[in-house]
Amino acid sequence: MTFGEQPAYLRVAGDLRKQIVDGRLPPHTRLPSQARIREEYGVSDTVALEARKVLMAEGLVEGRSGSGTYVRERPVPRRVARSGFRPERGATPFRQEQADTGVRGTWESSSEQTDAGAAVAGRLGIEPGDRVMRTKYLFREAGEPMMLSTSWEPLALTGRTPVMLPEEGPLGGMGVVERMRAIDVIVDNVTEEVGARPGLAEELVLLGGVPGHVVLVIQRTYFASGRPVETADVVIPADRYRAAYHLPVK
């Protein structure tokens, strides 16, 4: 193979991908059979099979038991707006994540005390094994799962206070900024690092994805005078949503 030349299976997958994107193979159309791919492109069964696997891994096609492989419906990506912390009173966690008053969504959550692992401890500036409150969220928009979030708060800061449980008590559901203000901790900065990776099996089950789908992971940390007071991993299906940032110009 000469420099720059693609393997045969990638060339076949690329041509089929172009047909899908161009609409020549519209959603719900059956993908050409392995035998037809072999004959049309003059390749082996192995190459035809590998090309189909590439398209499945990219989420462009799906297998249906006993029926064949079909082009998947391609969702039109929607925006998940981000604008840093929201100091306004009454901001719920979902409003904070969306930063969009036009969004009407619901969420499920569960909290538990646990030991901080090394990675979380590093983000919170505490020692591994220190106790934290971990809260897991599943957010829905119009009933459709659209985002996961797992947050950690050091119990050395919030333990034995009215805001120890993020979704319970007098300030339950009010968001990090408002809750921390209630215990005289003033959040003045937030950082977000955005990355992408294949979704974990348990994440894709909750978000309605298929194996191989890519997710956006936003690693967010709130600070008060340089001290981390909360950190979270926000997971968003990349095929359905885009993270849109609204940043003030000073």
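The values are calculated or read from the model by the stated rules, or taken from the named source; none is laboratory data. A quick note: this is a predicted structure, and the numbers were derived from the prediction, not measured. No Cβ is skipped: glycine too gets one built from the backbone with ideal geometry, and neighbour counts run over all protein chains shown. The protein model used for the area step is the full one, side chains on, heavy atoms only, and it has no ligands, DNA or RNA in it. Shrake-Rupley method; radii C 1.70, N 1.55, O 1.52, S 1.80 Å.
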Of the residues in the stretch 239-250, how many are basic (K, R) and in a strand (DSSP E or B)? 1
Members of the stretch 45-89 found to be among the polar types (S, T, N, Q) and either modelled with pLDDT under 90 or closer than 30 Å to L171 by Cα (or both), listed by number: S65, S67, S83
If you go through the stretch 213-238, how many residues are surrounded by 13 or more Cβ atoms within 10 Å (Cβ to Cβ), out of contact with any Gly (no Cβ under 6 Å at 6 or more places or on another chain) and in a loop (DSSP other than H, G, I, E, B)? 1
Six or more apart or on different chains, Cβ under 8 Å: which pairs go from a residue in the stretch 177-201 that's under 30 Å from P211 (Cβ atoms) to one that's open to solvent by 80 Å² or more (accessible area, probe 1.4 Å) and in a loop (DSSP other than H, G, I, E, B)? Could you list them? A201/P211
From the list R197, R227, which residue is among the charged types (D, E, K, R) and modelled with pLDDT under 95? R197
If you go through the stretch 182-192 one residue at a time, do you hit one that is among the acidic types (D, E), under 24 Å from the mean Cα position of the chain (by Cα), over 30 Å from G63 (Cβ atoms) and surrounded by 14 or more Cβ atoms within 10 Å (Cβ to Cβ)? yes
Checking T2 against (1) outside the structural domain of G66 (by the TED database); (2) at pLDDT 90 or above; (3) hydroxyl-bearing (S, T, Y), only one condition comes out false. Which one? (2)
Residue count, the stretch 130-176, condition under 17 Å from E202 (Cα atoms) and either open to solvent by 40 Å² or more (accessible area, probe 1.4 Å) or over 21 Å from the mean Cα position of the chain (by Cα) (or both), comes to 3
Within the stretch 201-212, restricting to residues that are surrounded by 14 or more Cβ atoms within 10 Å (Cβ to Cβ) and out of contact with any helix residue (DSSP H, G or I) (no Cβ under 9 Å at 6 or more places or on another chain), the one that is nearest to E62 (Cα to Cα) is L204
